[in-house]
Structure formats: C-alpha cells, structure tokens
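Undergrad: Below is one structure. I have some questions about it.
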Amino acid sequence: MKQPSTYYHAKTCTKKIQVHQGGTRSGKTWSLLNVLIELCYQNENAQMVITIARKTYPALRASVMRDFYTILNDEGIYNQSHHNKSDGTYILYGNLIEFISVDQPQKVRGRKRDILFVNECNEISREDWRQLLLRTTYKTFIDYNPSDEYHWIYDDVLERDDVAFFKTTYLDNPFLEQNIIDEIERYKETDENYWRIYGLGERGV
C-alpha cells in the first residue's frame, strides 16, 4: 500500500536529526508515528525510551497522542494493560513511549531518551529544543508547518551537517479526501500567504 512521502523519507534516512517541514494534511505526523511503531517492533524488548513532545499537554493529547492510539487500535495491537494514562506512557513491544509537554521544565531537563519526536516543533523555544536534544542519544524527528518567516529552526537546526530536511505538501498524502484537497486549494485565490504555508509547505512571509 502506498504511504505518504514522509513515511519513506523517515524510514530510509540515516541522519541523526530529521526535519519534516510541510503544509497541512501532508501526512507528516501520522507517518512519523508509524515509523516509530515499526522501530519498536523491529527492536522488541530493547527497552528503548521514545519521547513524543509538544508545547502543551492539551495540544499533545488532541493531536499526536490521539493519532498514536488510533493507529494502535486500527492495527489491533493496543493493549490496555500497557497503557499508563496517568503517566502518559505506553509499553510497546518492550519499549517505553512517553508523551510529554515542554511547558513543564522538569520534564524537559530531567529525562534521557533514545529517540525524540517533537510535534509542531516551531511552537517550542530554542532553550527547550536544546535541553531536549542534549538528552537524546540516538535519533530525533521534528515536524512543523512553516508559519514563521523567521525562526530558530531555520538558523540553529537546518544549518547543521547532521540534519536531513524534507518538505511535503498535501499532494504527498495519497489518503487525503477530495473535499479536503478542494478546501486547501481554495487558498490559492483567497489568501496567498496561507496557501504558501499550508498548501505549498513553504515559509510564511
């Protein structure tokens, strides 16, 4: 089955840091979650720690966390006994998946991990990013819509030699319904900057 482009980018990339910039509904988050789930399966009982982070917990719970558990349920691999809802953790094939918000400094500075995924990374501060990265030993994934004309991601991250940069749009998602495509493409005529960011996946101006 054909997958969104981000899925193949993430699976084949060997760089330490992967940057996935894109427009709305390009399949970035969904694809990265699938890649992390497959990594857990391929490294069963490796006791890896995978941190999935976003700026605030309500945003985390309503987006990437909901997608994660939807995927597990759709694949028939969700196990309630492995889900600690109070701690925001899940044991998947012997590996720990933890969901954290970076608006609580003790969570950012006090934890080590093997793999980091920062969803909507442009929401967090440069200091949060540095602290998270310092405590990540193996691989880091970030995704975001490029709504900012200027951002520390462009200066501090994209210029590194251990970074792979990928840009995707709604056209890279084969599962997108036509009515959603039509809605996105309306912005070609109604809002040039919105179309640039959320349609073309390019930096806002």
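The values are calculated or read from the model by the stated rules, or taken from the named source; none is laboratory data. These numbers come from a predicted model, not from an experiment. Methodologically, a virtual Cβ is constructed for each residue, glycine included, from the backbone with ideal geometry; neighbour enumeration extends over all protein chains shown. Accessible surface areas use protein heavy atoms only, side chains included; no ligands, DNA or RNA. Shrake-Rupley method; radii C 1.70, N 1.55, O 1.52, S 1.80 Å.
Undergrad: Where the accessible area of the chain is counted over protein heavy atoms with a 1.4 Å probe, how much of it, in %, is carbon and sulfur? Intermediate values should be presented prior to the final figure.
TA: Details: 4720 of 10440 Å².
Answer for the chain is 45 percent, counting heavy atoms of protein chains only.
Undergrad: How large is the charge dipole for region 29-179, taken about the Cα centre, if only the Cβ atoms of Lys, Arg (+1) and Asp, Glu (-1) carry charge, to the nearest 20 debye? Before the final figure, lay out each step's value.
TA: Working: 16 positive and 23 negative charges, 138 e Å.
Using only the charged Cβ atoms, the result is roughly 660 debye.
Undergrad: Per residue, how large is the accessible surface of region 7-131? Use a 1.4 angstrom probe and give square angstrom.
TA: Numbers: 5760 Å² over 125 residues.
Accessible surface, normalised per residue, equals 46 Å².
Undergrad: Based on DSSP H runs of at least 4 residues, each adding -39500 (n - 2.57), what is the mean residue ellipticity at 222 nm of the chain after dividing by all its residues, to the nearest 500 deg cm²/dmol? Let's see the in-between values first.
TA: On the way: 8 runs with 66 residues, N = 205.
Per the formula, -9000 deg cm²/dmol.
Undergrad: Could you give the length gained on full extension between Asp103 and Thr70, defined as 0.36 nm per residue of separation minus the Cα-Cα distance, in nm? Before the final figure, lay out the partial values.
TA: Working: separation 33, 0.36 × 33 = 11.88 nm, distance 2.50 nm.
Contour length minus the Cα-Cα distance gives 9.4 nm.
Undergrad: Okay, next question. Can you pick out the pairs among Lys11/Lys167; Lys2/Lys188; Lys28/Lys112 whose Cα atoms lie more than 18 Å from each other?
TA: From Lys11/Lys167; Lys2/Lys188; Lys28/Lys112, over 18 Å: Lys2/Lys188; Lys28/Lys112.
Undergrad: Right, another one. When the gyration tensor of region 115-202 is built from Cα positions, what are the square roots of 5 times its three eigenvalues, in whole Å, from largest to smallest? Intermediate results must be reported in sequence, preceding the final value.
TA: Numbers: eigenvalues 166, 45, 22 Å².
Semi-axis lengths for region 115-202 are 29, 15, 11 Å.
Undergrad: For the pair Asp156 and Arg186, how long in nm is the line joining their label points, each one 7 Å along Cα→Cβ?
TA: 3.7 nm
Undergrad: Moving on to the next point. With each label point set 7 Å from Cα along the Cα-Cβ vector, what nm distance links Tyr41 and Lys15?
TA: Using points 7 Å along Cα→Cβ, the separation is 2.7 nm.
Undergrad: Now for a different question. Applying 1/(1 + (r/R0)^6) with R0 = 45 Å to the Cβ-Cβ distance of Thr137 and Asn193, what FRET efficiency is obtained, to the nearest 0.05?
TA: Details: r = 39 Å, r/R0 = 0.86.
For R0 = 45 Å, the calculated efficiency reads 0.70.
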